[in-house]
Amino acid sequence: MHRAIFTREKFELLSILPQLVIVILTIIISTSYSQQKFPQEAEPGRTITEDLDLDNMEFSGIVWQRDLQHFFIVSDGGILVSATPDFEIISEWEIDADLEGVTVVPDRPEYVYLANEDPDSILEFHLKTERITRRFDLTSWMDGPSNAGLEALTFVPDENTPETGFFYAGLQDNGEIYIFELPIITSSSSTSVNHVGTIESITDDISALNYCHSQQQIYVIYENENLLASILPDGTATGTWELPGSDQEGITVKGTELYITEDYGRSEGNIILYQPVILHPQPDMNCDGFVNLSDITIMSSNWLTNTEEFGNIDMADLGILSTNWLK
């Protein structure tokens with residue numbers, strides 16, 4: 001497996017010198033990969049769509065907002081929904097857009113960011129005013145067909161950047177992931193877009209992205225292959241797994257809970273919960289979306305024992321938990 005070539009030093013250089021003409025940096029993920037089996041203990045998945053009192057939803061994206069303790073879900077028919085951890089509907093909005101993904105920014109809990117497939121763009125939606133406040137046009141860099149454009153979106157925090165992080169956007173047509181810096185912190189009105197890099201794909205038909213804060217991994221779904229992959233923010237591949245479902249277009253991680261949306265078209269779809277799913281070291285032991293004293297309590301009560309969910313609880317787990325403290 002090849003090592004990614006998009007380094008932190010290059011990232012910082014591009015952030016410090018935005019006036020330079022940016023040469024697109026390519027992050028290489030090995031085109032040969034060995035799929036692992038999906039965790040058997042998490043199957044079969046539980047369909048939770050019946051918990052939602054919604055009609056005409058083609059579930060195309062989902063994200064867990066840990067600060068608000070809400071889920072945000074989108075349908076490509078132009079519907080955005082917020083829901084409780086138990087999937088009770090809080091709010092529902094109709095938006096004139098082809099919505100294929102949704103993400104949140106930790107420092108901006110009053111906003112959600114939506115992936116619009118045609119034209120390829122990121123929409124900034126203000127939850128209190130219930131309106132689109134900005135549109136960021138991505139078509140200068142990624143411009144797929146009307147039914148194979150911007151299909152996946154996630155935000156990766158980076159405290160060393162003025163905008164507190166970067167948006168990772170997946171183009172269904174070629175499966176590549178484009179990395180953008182948007183003026184979400186330094187401006188309230190600018191719609192400028194700074195393209196800082198591209199991650200080459202192991203296959204096409206990318207359909208979902210989600211950054212897991214506590215694991216510091218980006219999860220990627222490729223729909224045609226029914227393939228789940230994980231990468232680091234610099235593009236380094238860290239794993240691939242066979243997915244048990246089909247038509248999978250959205251993903252979010254909440255502790256050891258993995259939620260995947262399935263979009264069947266014709267205003268039909270499902271949300272499937274798989275649990276427990278631990279593909280990488282997992283410090284969020286109670287699945288509340290935070291790493292804090294509650295997780296320390298669980299760890300101490302299971303110290304040096306082997307649990308079904310977390311394996312052997314020892315100093316290695318303590319180290320992982322400490323590096324993710326209060327994230």
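With a simple spin-label model that places each label point 7 Å from the Cα along the Cα-to-Cβ direction, the separation between SER190 and SER146 comes to 3.4 nm. For Rg and Dmax of the Cα atoms in Å, the value computed from the atomic coordinates appears in the list (1) 30.3, 102; (2) 18.8, 55; (3) 21.8, 72 under label (2). Under the simplified labelling scheme, the HIS280-ASP204 pair shows an inter-label distance of 2.8 nm, with each label point 7 Å from Cα along Cα→Cβ.
Extension gain, ASP96-ARG46: 0.36 nm per intervening residue step, less the Cα-Cα distance, totals 14.9 nm.
Over the residues of the chain, the helix contribution to mean residue ellipticity at 222 nm works out to -2500 deg cm²/dmol, using -39500 (n - 2.57) for each DSSP H run of at least 4. Given their separation in residues at 0.36 nm each and the Cα-Cα distance between them, THR84 and ASP137 gain 16.0 nm when the chain is fully extended. Using a Gaussian network model of the chain in which every pair of alpha carbons under 10 angstrom is joined by a spring, one finds that among THR129, THR161, THR238 the greatest mean-square fluctuation is at THR129.
Pop the C-beta distance of LYS128 and ASP314 into the FRET formula with R0 = 41 Å and round what comes out to the nearest 0.05. It comes to 0.35.
Taking amide H positions as modeled 1.01 Å from N, with prolines and chain starts lacking one, the residues under 5 Å from THR256 and 5 or more places away or on another chain are CYS287.
Pair-distance distribution P(r) for the range 120-185, from all Cα-Cα distances in 5 Å bins starting at 0: 4, 17, 25, 22, 19, 11, 3, 0 percent.
Inter-label distance, ASP234 to ASN306: 3.5 nm, where each label sits 7 Å from its Cα along the C-beta direction. Under a model in which nothing but the beta-carbon of Lys, Arg (+1) and Asp, Glu (-1) is charged, the range 96-228 shows a dipole of about 580 debye around its Cα centre.
Rounded to the nearest Hz, the phi-derived 3J(HN,Hα) couplings of the range 246-252 under the Karplus curve 6.51 cos²θ - 1.76 cosθ + 1.60 (θ = phi - 60°) are 8, 6, 8, 10, x, 8, 8, where x marks glycine and proline.
Charging the Cβ of each Asp and Glu at -1 and of each Lys and Arg at +1, and nothing else, the dipole of the chain about its Cα centre rounds to 1180 debye. For the chain, modelled as a GNM whose springs connect Cα atoms under 10 angstrom apart, the maximal fluctuation among ALA208, ALA316, ALA42 occurs at ALA316.
Share of carbon and sulfur in the accessible area of the chain stands at 46%, probe radius 1.4 Å.
The values are calculated or read from the model by the stated rules, or taken from the named source; none is laboratory data. Computed from a predicted model, the values in this text were never measured in an experiment. Here the Cβ is made from the backbone with ideal geometry for all residues, glycine too, and neighbour counts use every protein chain on show. In case anyone asks, the SASA skips ligands and DNA or RNA and just uses the protein heavy atoms, side chains included. Shrake-Rupley method; radii C 1.70, N 1.55, O 1.52, S 1.80 Å.
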